[in-house]
Amino acid sequence: MIHRNLPIAAFLVSQSILAQFNNPLAIPPALDVDTFQLVVGQHQHQFYPGVNTTTFGVNGPYLGPTLIMHQGDTARFRVTNELTQVTNMHWHGMHVPGVVDGGPPREILPGDHWDLKYEVANPAGTYWYHPHPHMITGAQATKGIAGLIIVNDEEEADLELPRTYGVDDIPIVIQDRYFLPNGNFAVAPYGDSVLVNGTPHAYLECPAQVVRLRMLNGSNARIYPVGFEDGQEFQVIANDGGLLNAPVDRDRIWLSNGERVEILVDLSGLEGDSLLLMSYGSELPQTVPGSNNILWESSSLNGVDFPLLRIRVTAPTASPITSIPATLGSSVPIPENQAGGTRIKTLTGSGMVGMGMFMINGQMFDLDVVNDTVLLGSTEIWVFQNNSNMAHPMHVHGVSFFVLDRDGIPPAPEEAGAKDVVLVDAGETVRVIMEFNHLTDDWPYMYHCHNLMHEDNMMMLQYIVIDQNVGITEPTIATDLQVYPNPGNSFINFRSSFPVDNIQIMDQTGRVVHQSRGSDQYIGTLDVSSLGSGTYILQIRSGSALVRKIFVHQ
Ligand code: C2O
Ligand code: CU
Ligand code: CU
């Protein structure tokens, strides 16, 4: 019986002692349908008996169904917003065009819905979906809007891997939450209760054979060094963007915010035994959220080792997987010499995990500013150089990338596959390489820190992908910017319907060859005499960018 006047924290402490691993792990339902109907709504849920927590969920009180997708198919969705606030939905890790990417520019108003579809281009792997509305992503994700996506493909289907969902192929969404005295969640960087798939003190019955855990760090800011209590080894088979080429033996794997990893654990012969899946927070350096850095927000989970999930081993299934394949996928990292250009992304700022002010290249998120223009089909190296006081999990929309190196050292094998989030520690420089294969049209992609507190606090910028071969002139905005003469040889004039504050000319590889201030004029003249003959991209900006193709004939 709960005493309403008892502070809930005290209640939770005693409850946690009494109820260690007494709750069967919730397994989100898996949907494998032509059209995913996702209804986002507000609910009440009891994570702890007798304690009502207001939640947001997808088709249910907390989290959402696991969406099963097939490479090459068209996935269709209707996302319905039954909240009383704006939301949207982003398909994290999925290679989809900007118009369906579901970043902050996309808004689903209360009572409204968004119908969309895209071709499933990604290889087999574990991806996820979550809302991404301007400045309230953390608040909505904290309340429970998120779910997993499992993509299947032929290559993966040919491997002898566990893939019976909920039996030997288990979704593991790791989150920490802070419960307020009234039972509701605090929107905070850290919690002091661990939820796995929304279950506190979760246990899972697993058959005595090889099982596959698909883990996602769905927490706002905490980073988890995951491993088994008794040092039991496991094999990492996939990370963010799909299968590794071969399993990697490990007893620890770090999961930063938004990252996924698939591991295999061989439970053969362990029937009747039980294993603890742990987070070894004591191993985190002071610069990494989740450490016991005394200058940052406190939480009873900081800097300590704590259990995530107990696995109780039961009898094997009728046709168990009992061995681990020696080889897996066939993805080939993009060679460095294929990059047409390099962009440096310097991370600066300092502060606490939830309250810091952090920037990328000295800029903060502005819905009306496109920060980078990238050419369709181009390959680029992006260099994340962290000059701030803490580690940031950096994420890029619309692509998977390969880590080239960390401070010049090639990535560990478990980090060598395709990824879309990379943790960049304070003082560290991480280079990634990626190819841009989808257009953004009028819907820019984001790149940002996946610490949701930082992201909402503007540690996010936008980029567009344009096709230089197909005119980039949008009929609806054509009259907003005239460029003449075009082709030009020594100068090109522009006339815009808005005061211009920034002008950039890029060459065919996306390299900036001219940059100037527009002095807030409606007209201007650009000296192009030093540019060689060819096709360039002129980007004129005041707030949002207008882009035109220009030709120089010398
Ligand atoms: Cu999980 Cu902008 O994304
Ligand atoms: Cu994303
Ligand atoms: Cu950050």
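The values are calculated or read from the model by the stated rules, or taken from the named source; none is laboratory data. Remember, it's a predicted structure, so these values are computed and weren't measured experimentally. A quick note on method: Cβ atoms are made from the backbone with ideal geometry, for glycine too, and the neighbour counts reach across all protein chains shown. To get the accessible areas, we keep the full protein, side chains included, count just its heavy atoms, and leave off ligands, DNA and RNA. Shrake-Rupley method; radii C 1.70, N 1.55, O 1.52, S 1.80 Å.
Spin-label model, Asp32 to Gln286: label points 7 Å out along the Cα-to-beta-carbon direction sit 5.1 nm apart. In the complete set of protein chains, residue-level accessible area for Met355 is approximately 140 Å², probe 1.4 angstrom. In this structure, Asp520 and Arg78 have a Cβ-Cβ separation that, at R0 = 56 Å, corresponds to a calculated FRET efficiency of about 0.80. Rolling a 1.4 Å probe across all protein chains gives Ser519 an accessible area of roughly 80 Å². In terms of packing, defined here as the mean over residues of other Cβ atoms within 10 angstrom, the peptides 425-432, 195-202 line up highest first as 195-202, 425-432. In this rough spin-label picture, where each label sits 7 Å from Cα along the Cβ direction, the Asp249-Ser497 distance is 6.6 nm. Spatial offset of the range 392-419 relative to the range 57-88 amounts to 28 Å, using the alpha carbon center of each. Annotated for the chain: lysine pairs at least 8 residues apart or interchain, Cα distance under 29 Å, count 5. Among Glu271, Glu262, the sequence by solvent-accessible area, most first, with a 1.4 Å probe is Glu271, Glu262. Annotation for Gln482 and Glu336: the two label points, set 7 Å from Cα along the Cα-Cβ direction, are 4.9 nm apart. Here the calculated FRET efficiency for Val39 and Met355, from their Cβ-Cβ distance with R0 = 30 Å, stands at 0.35, rounded to the nearest 0.05. The base-10 log of I(q)/I(0) for the range 159-328, evaluated at q = 0.13 Å⁻¹, reads -0.63 [Debye formula, identical scatterers on Cα atoms, solvent excluded]. Nearest 5 percent is fine: what portion of the DSSP beta bridges confined to the range 336-466 is antiparallel? In the range 336-466, approximately 75 percent of DSSP beta bridges are antiparallel ones. List the residues of the range 279-318 whose backbone N lies under 19 Å from a point placed 7 Å from the Cα of Glu205 along the Cα-to-Cβ direction. Residues 309-318 qualify, since their backbone N sits under 19 Å from the label point. You can think of it this way: the chain between Thr327 and Glu160 has 59.1 nm of extra reach, that is 0.36 nm per residue less the Cα-Cα gap. Note on surface exposure: Asp420, Asp442, Asp73, Asp501 rank Asp442, Asp73, Asp501, Asp420 by accessible area, highest first, 1.4 Å probe. The slack in the chain from Ile294 to Asp467, taken as 0.36 nm per residue of separation less the alpha-carbon distance, amounts to 57.4 nm. Taking every protein chain into account, the 1.4 Å probe leaves Lys143 with about 50 Å² of accessible area, to the nearest ten.
Run the Debye formula on the Cα coordinates of the chain, all scatterers equal and no solvent, and tell me log10 I(q)/I(0) at q = 0.06 1/Å. Each listed q corresponds, in turn, to -0.31.
Between Met364 and Ala315, the FRET efficiency estimated from the beta carbon spacing at R0 = 45 angstrom works out to 0.20. Residues in the chain average 38 Å² of solvent-accessible surface per residue, probe 1.4 Å, ligands and nucleic acids excluded.
How many percent of DSSP beta bridges within the chain run antiparallel, rounded to 5? Counting only bridges with both partners in the chain, antiparallel ones make up about 75 percent.
Largest accessible area first, the residues Arg163, Arg214 order themselves as Arg163, Arg214 under a 1.4 Å probe with ligands, DNA and RNA left out. To put it simply, the accessible area of the chain at a 1.4 Å probe is 52 percent carbon and sulfur.
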